[in-house]
Amino acid sequence: MKNTLPDLLPALPEIVLLLGACALMLFDLLVKSERRVASVRFAGLVLAGTAAATLFLLVGTGGALVYAFNGLYVADLMAHVLKLCGIIAVALALAYSRDYLHDRGLLKGEFLTLLLFALLGMMVMMSANSFLTLYLGLELLSLCLYALVALNRDSAVSTEAAMKYFVLGALASGLLLYGMSMIYGATGTLSITEVARQVANLQASSAERTFLVFGLVFLVSGLAFKLGVVPFHMWIPDVYQGAPTAVTLVIGSAPKLAAFAMAVRLLVNGLLDLAADWQQMLVILSVLSMAVGNITAIAQTNVKRMLAYSTIAHMGFMLLGLLSGVVSGNWLNAADAYAAAMFYTVVYVLMSLGAFGMLVHLSGKGYECDQLDDLKGLNRRSPWHAFIMLLLMFSLAGVPPTAGFYAKLSVLSAAIAAGQLWLAVVAVLLSLVGAFYYLRVVKLMYFDDAAAGAPAIGGARDARVLLSANGLALLAIGIVPQPLMWLCFAAIKSL
C-alpha cells in the first residue's frame, strides 16, 4: 500500500473522474425524467470534484514535476493547467448544449458518460510520459468522440459523418502507432523521457537516427490528423457539419488542448534533438493549413462548415508557435514560442466554445441555426446576443483589443524572434484573408434584415449568462493578457 499511494496521488483527478463516470452510468439508470436534471447535476458534481482534485495537487505540489507508475505518467504544471482548462471547456459545453439536446431527444445518459470518458482520455494524454500511455489516452478520447458524432442514430448525415471520422481516425491512429514502433525500434524504450536521452546521444550520421527520422514522419502525420491540419484535414468539415451542433461544440474545443499536449510531449519533451527535422514538416503543414483553411472558408454558406475550415487555419497558426521554438540549436526563444502556442490554443478553445455555443443557443426546437442566412438581422432580434457574437467573430479574426489579437501577436512575435520573418508575413496576409468571412457574419447580423419566420431567441438563463461571460472573457483577456500568458510561460518552463 505504501508503494502504491505515491503513484495514485498524482493521478487523483483521473481516478475521481473515472469513478464518477462509472457511478454516473449506474445512477442514470434510476433517472426517469426526460430532462435528466439529476444526471446533468451529477455530471456537474463529477467535473467539480475532478477540478478540485486537480487544484489540490496543483497547490500541494506547487506545480512541481512528479512521475508516477514507473515513469508512465507525469504530473507537471502544464498538465495541471491544461486539465483545468479542459474541465472548464467540458463543463461549458454541457451547460450550452443541455436544452438543445433535450429538444431533440438526445439528452441521454450515454451523452453524459461519453463526455466524461472523453475528458478522461484528454487528461491521460496531458499527463502521458510514455508512448503507450499517450496512445491509450488518445484511443479512449477518439472512441468516445466517434460515438458522440453518431449520437443521433436517426440522422443519415450524422451516421455518415461518424463513419468517415472512424475510418480516417483509425488510419491516423495506425500511422501514429507505426511511427511510435519505429522510434521504439531505434531507441529500445517507450518512455518519452528515455527517448529524449537516447536521441541526444545518437550520432548525426548513424543508421538509428535515419530510422528515427523515418518514424518521425509517421508520428507527425498522425499528430497532424488529430490537430486537423492540411493535408490531413479531410474529416473536419464533414464531421463538424454532420454531427449535432452540441457534439460539434465538444469536438471543436477541449480535444484541441489534448492535441496540443500530445504535440508538446512527443516533439518537445521527446524529440527536441530532431527539431530541425520536424520543424521543416511543421512549416509545410502550417502554411498549407492557413492557406487552405482561410481561402476555402470564404466559399462556405454553412456556419458550422465555415468554422470547421476556420479551425484548420487556427491550428496552422498554432503550429507556427511550435515550430518557432528551437532554431539551429538555439534554445533562447523556446519557452516564449511554446508558451505563445499554448496561449493560442487556450484562447482558441474559448473562442470555439463561444462560437459553437452561440449556434446551439440560437437553435430552437425543430430549428437549426447553421446557415449564414440564419444570422441575418440578429441585432434587431437580440442586440446583446449580436454583441457577444461580434466579440467572438472579432476575436477569431484577430481584431484588437480581443484575446484573439494578442494570441496571434504573441505567435507572430515568436516567429520573428526565431528568424522566421517570411512565415510571419505569410501568416499576416492569410489572416487578412480570413478576416473577410468573420466580418461577413458581423455584416449579416447588423446590416441585413432577419429572415422570415426566424424564431424567438430562448434558451436557459444559465446558458445565456455563461455565453455572455465567455464573450466578455475574450475581451478581458485581450485587454489584460499578462496573467494567462504568465501561466502558460510558467507551465512550459516546468517541462
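A short reminder: the numbers here are calculations on the coordinates, not readings from a lab. If you're wondering where the values come from, they're calculated on a predicted model, not measured in any experiment. Note that each Cβ is placed from the backbone with ideal geometry, even for glycine, and that neighbours are counted across all protein chains shown.
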For this session: Answer rounded, prolate or oblate for region 425-485, using the Cα gyration tensor with square roots of eigenvalues a ≥ b ≥ c: rounded when a/c is under 1.5, else prolate when a/b is larger than b/c, else oblate.
Result: oblate
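Could you work out [θ]222 nm for the chain from helices alone, using -39500 (n - 2.57) per DSSP H run of at least four and dividing by all its residues? Round to the nearest 500 deg cm²/dmol. Before the final figure, lay out each step's value.
Details: 21 runs with 363 residues, N = 495.
Per the formula, -24500 deg cm²/dmol.
Indicate the gyration tensor shape class of the chain (rounded, prolate or oblate), computed on the Cα atoms with a ≥ b ≥ c the square roots of the eigenvalues: a/c under 1.5 is rounded; otherwise a/b larger than b/c is prolate and the rest oblate. Walk me through the numbers before you get to the answer.
Numbers: a/c = 1.69, a/b = 1.26, b/c = 1.34.
Oblate is the answer for the chain, as a/c is 1.5 or above yet b/c matches or exceeds a/b.
Suppose R0 equals 35 Å. What FRET efficiency, 1/(1 + (r/R0)^6) with r the Cβ-Cβ distance, do residue 372 and residue 38 give to the nearest 0.05? All intermediate terms of the calculation are to be shown ahead of the outcome.
Details: r = 38 Å, r/R0 = 1.10.
Once the sixth-power term is evaluated, E becomes 0.35.
Going by C-beta contacts inside 10 Å, put 159, 248 in order with the fewest on the left.
On the way: 159 15, 248 27.
Going from least to most buried by this count: 159, 248.
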For this session: Can you tell me the dipole magnitude for the chain around its Cα centre, using point charges on the Cβ only (Lys, Arg +1; Asp, Glu -1), in Debye to the nearest 20?
Result: 700 debye
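Please say if region 391-495 is rounded, prolate or oblate, where rounded means a/c under 1.5 for a ≥ b ≥ c the square roots of the C-alpha gyration tensor eigenvalues, and otherwise the choice is prolate for a/b larger than b/c and oblate otherwise?
Values: a/c = 3.61, a/b = 1.51, b/c = 2.39.
Oblate, since a/c reaches 1.5 and b/c is not below a/b.
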Problem set entry | Among 126, 44, 249 the positive-end extreme of the charge dipole of the chain (Cβ point charges) | 44
For this session: Can you tell me the relative contact order of the chain? Whole percent, Cα pairs under 8 Å, sequence separation 6 or more.
Result: 15 percent
For this session: Using DSSP to define loop residues, name the trypsin sites (Lys or Arg not before Pro) in region 339-417 whose beta-carbon has at most 15 other beta-carbon atoms within 10 Å.
Result: 365
Exercise. Which of 155, 207, 174 sits closest to the plus end of the dipole of region 138-240, meaning its Cα is farthest towards the positive end, when Lys and Arg get +1 and Asp and Glu get -1 on the C-beta?
Worked result: 207
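With a 10 Å radius around each residue's Cβ, average the other Cβ atoms per peptide and rank 287-300, 41-54, 460-473, highest first.
Details: 287-300: 20.4, 41-54: 18.6, 460-473: 16.7.
Top of the packing list down: 287-300, 41-54, 460-473.
Quote the FRET efficiency, to the nearest 0.05, computed for residue 110 versus residue 211 with a Förster distance R0 of 45 Å and r equal to the Cβ-Cβ distance.
Values: r = 43 Å, r/R0 = 0.97.
Efficiency at R0 = 45 Å is approximately 0.55.
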Problem set entry | Shape metrics for region 292-369, restricted to C-alpha atoms - Rg then Dmax, Å | 16.6, 58
Problem set entry | For 80, 361, order by how many other beta-carbon atoms lie within 10 Å, fewest first | 80, 361
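For a Förster distance of 25 Å, can you work out the FRET efficiency between the beta-carbons of residue 48 and residue 178, rounded to the nearest 0.05?
Values: r = 40 Å, r/R0 = 1.60.
After rounding to 0.05, the efficiency reads 0.05.
Exposure proxy check: 144, 22 ranked by fewest other beta carbons within 10 Å? Working shown, then result.
Values: 144 22, 22 13.
Going from least to most buried by this count: 22, 144.
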